[in-house]
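Encoded as structure tokens, the structure appears first; notes follow it.
What follows draws every value from the coordinates through simple rules; no lab data is involved. Not measured: the values here are computed from a predicted model. Positions of Cβ are backbone-derived with ideal geometry, glycine not excepted, and every protein chain shown enters the neighbour counts.
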Amino acid sequence: MDRLIESAKLHSDAFEIYKLDESRNTIEFEDGKLKDIESTIHAGVALRIIKDRRAGFAYTKNVSNNEALVLNAVDTIKGGVEAPYDFPHTKSVPTLNTYDAAIEDVTNTTIVDECRRINALMTSKVNGQINIDAGTSISGIKIRNSSGANLSTRTSYYAITISILYPESATGIERSLEFKKFEEVDDSFLNNLIDLYNRSEREINTAGGRMKILFMPEAMYTLIWRLQNAVSGESLYHGQSPLAGKLNTDIFSKQLSIIDNPIDDSRPGARAFDDEGVPCKELVIVDKGTLTNYYYDLFYAAKMKAKPNGRGFKTLRWNDDRISVKPVPTLTSLSIEPGATGFEQLIGSMQRGIIVCGALGAHSGNIPNGDFSIGLSPGLYVEGGQIVGRIKDAMIAGNIYSIMNRVIDIEDSLHPAYTGYYPAVLFDDINVATKS
Amino acid sequence: MFDKLKSILEKVDAEYADIRHETKIETRIAFNGKELKEIGGNTTDGYVLRVLDRGGYSSIAFTDLDNQEKAVRTAIENAHLMSRFTEQPITFEKVDIITKEYTPDLAEDPRQISIDEKLALTNKYNDLVLSNDKIATTNINYLELVREKHFANTEGSAIREELVTNRISGLITSRDGNLIQNVRVAAGGSSGFSVLRNREAVFENKSRIATELLRAQPVQGGCYNVVLNQSLGGVFTHEAFGHFSEADIIENNRSMRDKMKLGTRMGCEKVNITDDPTMTGQLGHYRYDDEGVMARRTPLLKEGVLVGRLHSRRTAAAFGELVSGHTVAEDYRYAPIIRMGTIFIEPGDDTFEGLIDKLGSGYYLLDAKGGETSGENFTFGAQYGFVVKNGKIGEMVRDINISGNLYSTLANIIAISDDLKLSETGGCGKGQANIRSCYGTPHILINELIIGGS
């Protein structure tokens, strides 16, 4: 890296080097059959430079060709992309427990054996087909910049997702677990999944209308995406946030607090600094219904004359090649504060309603406006406080600034799901469209 | 390059192995509103090794040649692990040995166009949209992606192919007070840079629609008869039907495999669906797939009856069906999986006006806004639509998402017009992105689709 630094210094006023190495193993079981084992060993370097307040960017997977990387970044400066920020002078960051060396000893055989154990246990208790995806990853990030930051982190990760598909269908109940090392899935987790499946196996036709809707953690990203979009510095700057100018105002029910906390290392993937070397800290986005913070990367913090708050990450929704993208404002570690009610009590409180276990088409509504309109995949139908089956051919629709003011109750525990850790949340009066 | 690939293959002690090296050359220009956010190009490369041995199969992707020994060892170990737990030993369908190079004809190779000219053109379209004072912002991007692929296998195939894709596309956001609306806009393809020139009308039209949506009413949720335009019909065909024609999606799903048996009637006699990557000039065109198989036109549904399926060598052998040349990777980071090339509903004998007349009352829905499937259920968005009453197109509606079940929806396609149109840009996210996923239909009339609404 030293040679790259020397070369970058020669050609720029300021520079940032981002180095990533990553290895992954993924294992896929379908219907009790081992379908696939895939491995990846990747590395890469991304370089950002600033010259005369103009930004240059280049990346490579060929980590030995430093000169070409620098010249490529220099070449992009000619385009005239503005760089209104300086790279941060980050001297120290909190020490986090993100890596468990035990991950190095986990073989694919161990994971295959675990998948087979789970499959055998569940197959005897459900009619549905069992699918399991599991895998490990180890990644290392190093960031050095011309302001003196010299940061590194190493992350270990093991995740497993278990699905039970309904007969005559490819839709089912699904739940995930994630750890910093390999851990066996405990029986209570599997039994809860089996129980939810068995109670919802029957397919039901029912009339639509307005009713109570329980969003499971696995469907919560539908609502969270719209909030993430609205409180991003990027949306604020470009005039497409309905929450512009609404800091310290009540936007949601007082029961809702939404927090992004990358330094919580009780979960895998914690980060002490973002992908621009800015220290991370807990950021309360919504506190008891009141909007309390927006989030920024370096670029949009400078544009909005705000302080960067460690949310510049190299992520894009449809692109997992972190080396190839520049940082953008991103919330990586969201959670909704749990309530005090058990999951079964939540169901018991629903006279008539639907439990949304999976959302279809969450990305295709009018996200900036907060609107959503999703297929239920599946939606479990509740009558008289009991799950009586799964609803056939139904959609729900609404707007987060309306429905998140109609929270009835919140589950007392958090579950890992896409975009964060969430409890199930019960909302009132959401419109359901069905064929009946 | 072939010598390098062959030297790696020689290290693989297995019944079969193949290796693909790809150089990926990307050029990106991005505008966010009036601001240029990104401009420049990058070249990266990597390898994907696949091994078949003792009835087990595995793959590994790596970027650094120093890791080749480890990659070979890991792939063999994983293949052997697979073989221990596979009920039916995995085999590959026999295919021709191919030693060919293929470079598609381009109407202007974008690599020969200066970055300044690309910037000027993107800027021009972006400015055109922003000149409308109801437009709050834009995300208009130029993307050029060149994949230079070398493929070799232990059977003796050695194939070089170039895939060149370019597009100017993005999102247009309009705003009136607290109401925000957006539409997607796109021009592009894999036929060369000239497809991007003189496309002002595309951007002007979408800018106008984005502002008209500010005056449109939200759609009323319920069950309706609808006419879908070519873009939306294309997403339906891709999402709802196409994915179930991919053998790797259904191979281990008992019920889906049963429902998707060749010879099963799935739609009315008017419905014919085909996937054809061999159509030159279309976005989804390629000659050889990423396991060295020549692509072929594959009829999937003929007069409403299932007649074909998209296969890899592995699934063709497992199903006992013909290999089709549809195994494609996003780039050097991935082993190939089964993908659609250019999927479409073949033209019918009605006209668009005839379809609206047959619809009577319902909705006319236009332009895709993303879609998703889970099993036989699908949901996809429409960018805008119109109320249809007594065979007359009326006021515009917004906030439209449609949901349905593959089997009942295919059975409910009751009329097809004669105006087939294929997409210029695509994007399928089946584990990996596929920006060359091409789809289209004529206008189609479907009975009883669920539309979500407040």
Quick one: Karplus J couplings for the stretch A:263-273, per residue in order, coefficients 6.51, -1.76, 1.60, θ = phi - 60°, nearest Hz, x for Gly and Pro?
8, 6, 8, 6, 9, x, x, 5, 9, 7, 9
Order by neighbour count: A:T222, B:T211, fewest other Cβ atoms within 10 Å first, most last.
B:T211, A:T222
Skipping prolines and chain starts, which residues have an amide H placed within reach, meaning under 5 Å, of the one on A:A149, given they are 5 or more residues away or on another chain?
A:T90
Fewest-first ranking of A:K33, A:K303, B:K94, using other Cβ atoms within 10 Å as the exposure measure
B:K94, A:K33, A:K303
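What size of dipole, in debye to the nearest 20, comes out for the stretch B:2-215 about its Cα centre when the only charges are +1 on Lys and Arg C-beta atoms and -1 on Asp and Glu C-beta atoms?
780
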Could you tell me which of rounded, prolate or oblate describes the stretch B:1-104, using a ≥ b ≥ c as the square roots of the eigenvalues of the alpha-carbon gyration tensor, with rounded for a/c under 1.5 and, failing that, prolate when a/b is larger than b/c and oblate otherwise?
prolate
Lys/Arg Cβ at +1, Asp/Glu Cβ at -1, dipole of the stretch A:2-195 taken about the Cα centre: which of A:S169, A:S139, A:F189 is farthest positive-ward?
A:S139
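Semi-axes of the equivalent ellipsoid for the stretch B:2-215, please: Cα gyration tensor eigenvalues, times 5, square-rooted, ordered largest first, whole Å. Intermediate values should be presented prior to the final figure.
Working: eigenvalues 421, 82, 46 Å².
The three semi-axes for the stretch B:2-215 are 46, 20, 15 Å.
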Neighbourhood net charge (13 Å Cβ-Cβ; Lys/Arg +1, Asp/Glu -1) for A:S200
-1
The stretch B:235-314: C-alpha gyration tensor shape, a/c 1.5 cut-off, then a/b vs b/c
oblate
Note the per residue figure in Å³ for the convex hull of the C-alpha positions in chain A.
143
Expected vector for the stretch A:406-412, Karplus 3J(HN,Hα) from phi with 6.51, -1.76, 1.60 and θ = phi - 60°, integer Hz, x for Gly and Pro, equals 10, 6, 8, 6, 10, 4, 8
For a quick check: with amide H placed at 1.01 Å from N, whose amide H comes under 5 Å from B:E448's, ignoring anything fewer than 5 positions away on the same chain?
B:Y224, B:N225, B:V226
For the stretch B:218-452: lysine pairs with Cα atoms under 16 Å, gap of 8 or more or different chains, count?
5
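Using the Cα centre as the reference, give the magnitude of the dipole from point charges on the C-beta atoms of the stretch B:321-454 (Lys, Arg: +1; Asp, Glu: -1; all else neutral), rounded to the nearest 20 debye.
So the magnitude is around 360 debye.
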Report the antiparallel proportion of the DSSP beta bridges in the protein assembly as shown as a percent, rounded to a multiple of 5.
90
Would you work out if the protein assembly as shown is rounded, prolate or oblate? Take a ≥ b ≥ c from the square roots of the eigenvalues of the alpha-carbon gyration tensor; rounded if a/c is under 1.5, else prolate when a/b is larger than b/c, oblate otherwise.
rounded
From Cα coordinates alone, what are the radius of gyration and Dmax values for the stretch B:218-452 in angstrom?
17.2, 54
Would you mind giving the mean number of other chain beta-carbons within 10 Å of the Cβ of each residue in A:383-393, as a whole number?
1
Hits for chain A under the membrane-span-like helix rule (DSSP H, Cα axial span at least 20 Å, Kyte-Doolittle mean at least 0.5) are none
Can you give me the P(r) profile for the stretch B:111-194? Cα pairs, bins 5 angstrom wide beginning at 0, each as a whole percent.
3, 12, 18, 17, 12, 10, 8, 7, 5, 3, 2, 1, 0
Enumerate the calculated ³J(HN,Hα) couplings along the stretch A:203-216 in order (Karplus 6.51 cos²θ - 1.76 cosθ + 1.60, θ = phi - 60°), each rounded to whole Hz, writing x wherever the residue is Gly or Pro.
8, 10, 9, 8, 6, x, x, 8, 7, 6, 10, 9, 7, 6
For B:G192, residues with placed amide H under 5 Å, excluding near neighbours
B:A107, B:N166
Report the charge-dipole magnitude of the stretch A:1-131 in Debye, nearest 20, computed about the Cα centre from +1 at each Lys and Arg Cβ and -1 at each Asp and Glu Cβ.
280
With unit charges on the beta carbons (Lys and Arg positive, Asp and Glu negative) and the dipole taken about the Cα centre of the protein assembly as shown, which residue among B:A71, B:S174, B:T373 sits farthest to the positive side?
B:S174
